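Visitor: Take this structure, written in structure tokens, and hold onto it; I'll ask about it next.
The values are calculated or read from the model by the stated rules, or taken from the named source; none is laboratory data. Quantities reported herein were computed from a predicted structural model and do not represent experimental measurements. Here the Cβ positions follow ideal geometry from the backbone for every residue, glycine too, while neighbour counts run over all protein chains shown. Side chains included, ligands, DNA and RNA excluded: accessible areas come from the protein's heavy atoms. Shrake-Rupley method; radii C 1.70, N 1.55, O 1.52, S 1.80 Å.
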Amino acid sequence: MSFSSIAYPENQAARYELILEQVRALTDGIDHPIANLANTAALLWQGMSDINWCGFYLMDKGALMLGPFCGLPACIRIPLGRGVCGTAAQQDAIQRVYDVHDFPGHIACDSASNSEIVIPIHLGERVIGVLDIDSPLIGRFNETDQEKLLELVHHLENCCDFAQTGYTLK
């Protein structure tokens, strides 16, 4: 199987539909979370505009641990309740931050980041990780981003067997 870079539609909804179609195709019949999260991060990195980091943090011994990602090296361990990711995981709530510099306790892994969206990932009722995407633009993320990224996370929750990893520990 080979892949090449493709042109993504300018229309945001159409762009997300193509990304979701690609994620569904790549995860079809594959339940290993690390493989699926790695490919998903790569597809989002390739398909989304105006982002400078995209990836996953997974629960490990009561904190978020860096998982598959694209972008500059990142913070490795994030305690629950710290920064945008730790807050999303602790509160089990999507965090869509217009300007990260106004977010109390923001952790600046990349000083170029100005806005961020974080979507919790669940195994049953438990938060077991987050999808984290940063942008150098203030106010980059909107309702469509939130809706489509939540749809993508729900797909990953359903297709991945998170019991294959140690990341299900809280």
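Visitor: Counting only heavy atoms of the protein chains, get the accessible area per residue of the stretch 20-136 (1.4 Å probe) and round it to a whole Å² value. Don't jump to the answer; show the numbers that get you there.
Guide: Values: 4910 Å² over 117 residues.
Value for the stretch 20-136: 42 Å² per residue.
Visitor: If you average 1/r over every pair of different alpha-carbon atoms in the stretch 42-83 and take one over that average, what Kirkwood value in Å do you get? Could you put the intermediate results ahead of the total?
Guide: Numbers: mean 1/r = 0.0894 Å⁻¹.
Computed over the stretch 42-83, the radius equals 11.2 Å.
Visitor: Let me ask something else about it. Show me the three semi-axes of the equivalent ellipsoid for the stretch 1-98, from the C-alpha gyration tensor (sqrt of 5 times each eigenvalue), largest first, rounded to whole Å. Don't skip to the answer; put the middle values down first.
Guide: Values: eigenvalues 132, 56, 31 Å².
They are 26, 17, 12 Å, listed largest first.
Visitor: Ignoring any ligand, DNA or RNA, what whole percent of the accessible area of the chain comes from carbon and sulfur when the probe is 1.4 angstrom? Intermediate values should be presented prior to the final figure.
Guide: On the way: 4190 of 8050 Å².
After summing per-atom areas, the C and S share lands at 52 percent.
Visitor: Can you give the calculated 222 nm mean residue ellipticity of the chain, where each DSSP H run of n ≥ 4 adds -39,500 (n - 2.57) and the sum is split over every residue, rounded to the nearest 500 deg cm²/dmol?
Guide: After summing the helix terms and dividing by the residues of the chain, the value is -11000 deg cm²/dmol.
Visitor: Can you divide the C-alpha Rg of the stretch 10-50 by 2.2 N^0.38 Å and report the result to two decimal places? Numbers along the way, then the final one.
Guide: Working: Rg = 10.6 Å, N = 41, 2.2 N^0.38 = 9.0 Å.
So the Cα radius of gyration is 1.18 times the expected 2.2 N^0.38 Å.
Visitor: Write down, largest first, the equivalent ellipsoid semi-axes of the chain in whole Å, where each equals the square root of 5 times an eigenvalue of the alpha-carbon gyration tensor. Intermediate values should be presented prior to the final figure.
Guide: Details: eigenvalues 99, 86, 36 Å².
In descending order, the three semi-axes are 22, 21, 13 Å.
Visitor: Follow-up. In the chain, which whole DSSP H runs stretch at least 27 Å along their own axis (Cα) and average 0.5 or higher on the Kyte-Doolittle scale?
Guide: Details: long enough: none.
The answer is none, since no helix passes both cut-offs.
Visitor: Quick one: net charge around Pro120, please, counting Lys, Arg +1 and Asp, Glu -1 for every other residue with C-beta under 12 Å from its C-beta. Display every interim value, and only then the final one.
Guide: On the way: positive: Arg126; negative: Asp92, Glu125, Asp132, Glu157.
That works out to -3.
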